[in-house]
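Visitor: This is the structure I have questions about; it appears just below.
The values are calculated or read from the model by the stated rules, or taken from the named source; none is laboratory data. Quick caveat, the model's predicted, so the values are computed rather than measured. So basically every Cβ, Gly included, is an ideal-geometry build from the backbone, and we count neighbours across all protein chains shown. Surface accessibility is based on the protein's heavy atoms, side chains included, excluding ligands, DNA and RNA. Shrake-Rupley method; radii C 1.70, N 1.55, O 1.52, S 1.80 Å.
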Amino acid sequence: MCVLVVEADRKISEEEQQLIEKFKSADIPALLAINKIDTINDKTVLAAQINEISSLYDFCAVVPCSAQTGSGIDILKDEMRKLAPEGDFMFDEDTLTDQPERVIAAEIIREKLLRLLEREVPHGSAVFVERMKERESADIIDIDAVIYCERDSHKGIIIGKGGSMLKRIGTYARQDMEKFFDCKINLQIWVKVKEDWRNRESILRSLGYDENEFN
């Protein structure tokens, strides 16, 4: 089962057309979700868009919705449940994730980069947790992490004036980590420059990435 999400009042893109062709070749049950309906007032525009896209594939259901207001989201969930096949649990019932704790900690930090920084900076950065150790004498985990970026200018943006941005990143990341790991976190973050790191295989491996992820 697949869900094709498109924006209201926007022509279908080449990438979306390619996805529909894949649906056809594999004969996959699919839903069409038209998001951002809260941004349009003329519903005839929405009707025309539904007719246009529906002519390209026999969708199991078409659901106009808005992630911003929540309109139609419950309907979309219900339609997804109808198509979702039942099966055995792949993990134990109390398992939250199959990722190592260091990966989780790194992803929490990177999520703060995405939320707080200019658009081009986070996508040119990587987070590597160098040390993660629980103290024997107290319920505290010490975490040392490094944010790698490609340019000195990006390093300055990440650190911020007087270290203000890095402090915000660290504070928000620590708060989320303490909720997830259910203990106190002592988080230390450094920022280092590794020019063109996304195109250097040895650096990608050292950071735990597969070079194919960036090709």
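Visitor: Sort out which residues of the range 56-76 are part of a loop (DSSP other than H, G, I, E, B), within 16 Å of LEU31 (Cβ to Cβ) and without any contact (Cβ under 8 Å) to a residue 24 or more places away in the chain, and write them in order of number.
Guide: Across the range 56-76, the qualifying residue is only ASP58.
Per-residue answers, yes or no, for (1) touching a residue at least 40 places away in the same chain (Cβ under 8 Å); (2) open to solvent by less than 30 Å² (accessible area, probe 1.4 Å):
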| position | (1), (2) |
| --- | --- |
| HIS123 | no, no |
| ILE140 | yes, no |
| ASP152 | yes, no |
| GLU178 | no, no |
| VAL191 | yes, yes |
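Visitor: Another question about this same structure. Considering ASP144, ASP152, ASP139, which residue is more than 19 Å from the chain's Cα centre (by Cα) and within 16 Å of THR171 (Cα to Cα)?
Guide: The match here is ASP144.
Visitor: Show me the helices (runs of 4 or more DSSP H) found entirely inside the range 89-208 where at least 2 residues are modelled with pLDDT of 90 or more, of a type in the set (A, V, I, L, M, F, W, C) and touching a strand residue (DSSP E or B) at 6+ places or on another chain (Cβ under 7 Å).
Guide: The qualifying helices (runs of 4 or more DSSP H) are 101-116, 152-159, 164-181.
Visitor: Select from the range 1-44 the residues that are β-branched (Val, Ile, Thr), free of Cβ contacts under 8 Å to residues at least 60 places away in the same chain and open to solvent by 50 Å² or more (accessible area, probe 1.4 Å) and list them in ascending order.
Guide: Scanning the range 1-44 gives VAL5, THR39, THR44.
Visitor: Which residues, counting only those in the range 141-153, are farther than 22 Å from ARG102 by Cβ and touching a helix residue (DSSP H, G or I) at 6+ places or on another chain (Cβ under 6 Å)?
Guide: GLU150
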